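What follows is one structure encoded as structure tokens, with my remarks underneath.
The values are calculated or read from the model by the stated rules, or taken from the named source; none is laboratory data. Owing to the predicted nature of the structure, the values given are computational and were not obtained by experimental measurement. Here Cβ is always computed from backbone atoms with ideal geometry, including for glycine, and neighbour counts include all displayed protein chains.
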Amino acid sequence: MVLCCIPLFGAKHTNNSKATDNESSEDCGNFYAGIFGGGGGFGISNFRQTGTIFFPAASGGTTAVTATSGGRTSGAGFVGVQLGYLWHSFQDEKNPNSWLLRPAVEFEGYYIGTSTKPVLGSQTALANRFQNTFPINAGTLLASGVLHFYENEDVKFHPYLGGAVGAAVLTAHDASSYLVLPTQPSNNFNSNTTATGWSFAAQAKVGLMYDINENFKVFAEYRFLYLTPTNLDFGSTIYTAPTTTSNWRVRFGNMYINLGDIGVGYYF
């Protein structure tokens, strides 16, 4: 890997291994892999549900519905893996007492599971309150830049921080939407209770790592994940009575996810 050996501008390489004139290559850093898991809070800023109810003419006829709700936060659990490359340490040449820096690039993929239960209100007199349940699986794939800070090369503990961008796919499965004012016993999504949508993802994280030995590391992290709004399209309502509906669209607003995790990494 040629690019890994290019030194940072204004910094000096502090790897303790001494290269000789006969060496054809330099050990520039370490590939690594890790696993991690934890939990936190999954916040959605707002909800909007739209559809059309085909009431009989005697009951009001065809009625367009837009129901909305404010934000909700629910508990979440997650588990993931990471692959990366960590360069050897660099230091500011003008300040030999400064901390050593080790940049890294990594790819992370993780699964988040949560469930949220918003109550959506509508201005439509014939259907003005819905109780919804959305069990959510979210898969996130991120490309990250990470910077590790070492007080000196002998310290076992060190902090790090990182930023990432990527994409997430959200699937709401076994979802339900019950009309509770007035009461309707059928799930409004009953012809298809599963829907999937995509979001842009951005993440910031900060962590503390402990070097067990040359190869094994353990770490604890806080990460903040942001997902852009997404639309989920559920099925139409099939009642036993004559009343039916169009397909339903539910828009999840901005998603703010706070997570804490612990993990273990192996450095090759």
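Against the numbered list (1) outside any strand (DSSP E or B); (2) closer than 26 Å to GLY71 by Cα, SER191 comes up short only at (2).
Conditions tested, residue by residue: (1) farther than 21 Å from PRO185 by Cα; (2) modelled with pLDDT of 90 or more; (3) crowded, with 16+ Cβ neighbours inside 10 Å.
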residue	(1), (2), (3)
TYR32	yes, yes, yes
PHE42	yes, yes, yes
ASN46	yes, yes, yes
ARG72	yes, yes, yes
GLY75	yes, yes, no
GLN82	yes, yes, yes
ASN97	yes, no, no
VAL146	yes, yes, yes
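Condition (residue is basic (Lys, Arg) and either outside any strand (DSSP E or B) or under 25 Å from LEU141 (Cβ atoms) (or both)) applied to segment 241-261: is it met by at least one residue? Checking segment 241-261: at least one residue is basic (Lys, Arg) and either outside any strand (DSSP E or B) or under 25 Å from LEU141 (Cβ atoms) (or both).
What is the residue count in segment 220-240 for residues that are assigned to a strand (DSSP E or B) and β-branched (Val, Ile, Thr)?
Looking only at that region, the number is 2.
Criterion applied to ALA195, ALA220, ALA172, ALA167 was being under 14 Å from the mean Cα position of the chain (by Cα) and at pLDDT 95 or above, and the one residue passing it is ALA167.
Summed over segment 116-142, the residues that are touching a Gly at 6+ places or on another chain (Cβ under 6 Å) and either surrounded by fewer than 14 Cβ atoms within 10 Å (Cβ to Cβ) or of a type in the set (Lys, Arg) (or both) give a count of 1. Can you find even one residue in segment 103-115 that is crowded, with 20+ Cβ neighbours inside 10 Å and farther than 28 Å from GLY265 by Cα? Looking for residues that are crowded, with 20+ Cβ neighbours inside 10 Å and farther than 28 Å from GLY265 by Cα, one finds none in segment 103-115, hence no.
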